[in-house]
Amino acid sequence: YVYDHAARELSKRLVQNFHGHHEMSLATLHVHLDNDSCMEVTVLKGGARDVQHFADHIIAERGVRHGRVVMIPAEPDDDAGHERMFHRHA
C-alpha cells in the first residue's frame, strides 16, 4: 500500500493495527517514494478470509492512497509441514 506519511496519526494507526494482528504479520518493507508518499509491502500469513479482511481494513484507512492484496496459496499444515518449512539449502 502507498500512503501519505503526513496524514494525521496514520502511521500510528497502522502500527497499532499490525500490533493487534501480530500473529499474522511476518515482515514489512518500508520505502520512501517521495516527499509525501511511503510504500509498505507486508507479508501476512493466515487464512485467506482473515488476511483479506485485515488487508481491506488497512487499505481503507484514511490517508492510504493505493493498496492491493496478492494472495499466494500455501499447502495446509500437516506432520511434514514443519520439515518443509525448515528445509536446508545447499
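The values are calculated or read from the model by the stated rules, or taken from the named source; none is laboratory data. Keep in mind that what you see is a predicted model, and the values were worked out from it rather than measured. Cβ atoms come from the backbone with ideal geometry, glycine included; neighbour counts cover every protein chain shown. Keep in mind that these areas ignore ligands, DNA and RNA; they rest on the heavy atoms of the full protein, side chains included. Shrake-Rupley method; radii C 1.70, N 1.55, O 1.52, S 1.80 Å.
Residue-by-condition table, conditions (1) touching a Gly at 6+ places or on another chain (Cβ under 7 Å); (2) modelled with pLDDT under 90; (3) in a strand (DSSP E or B); (4) surrounded by 11 or more Cβ atoms within 10 Å (Cβ to Cβ):
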site: D34; (1), (2), (3), (4): no, no, no, no
site: R49; (1), (2), (3), (4): no, no, no, no
site: Q52; (1), (2), (3), (4): no, no, no, yes
site: I58; (1), (2), (3), (4): yes, no, no, yes
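Taking S11 as the residue in question, decide whether it is more than 25 Å from I72 (Cα to Cα), among the hydroxyl-bearing types (S, T, Y), at pLDDT below 95 and surrounded by 12 or more Cβ atoms within 10 Å (Cβ to Cβ). Yes. Each residue in the stretch 25-60 was checked for being of a type in the set (S, T, N, Q) and over 17 Å from M71 (Cα atoms), and 2 pass. Looking only at the stretch 1-24, residues that are of a type in the set (A, V, I, L, M), touching a residue at least 12 places away in the same chain (Cβ under 8 Å) and within 17 Å of G67 (Cα to Cα) come to 4 in all. Here G67 passes the criteria (1) loosely packed, with under 10 Cβ neighbours inside 10 Å; (2) modelled with pLDDT of 95 or more except the one numbered (1).
Basic (K, R) and more than 12 Å from the chain's Cα centre (by Cα) - does that describe any residue in the stretch 31-49? Yes. E23 falls short on exactly one of the conditions (1) open to solvent by 100 Å² or more (accessible area, probe 1.4 Å); (2) part of a strand (DSSP E or B), and that condition is (2).
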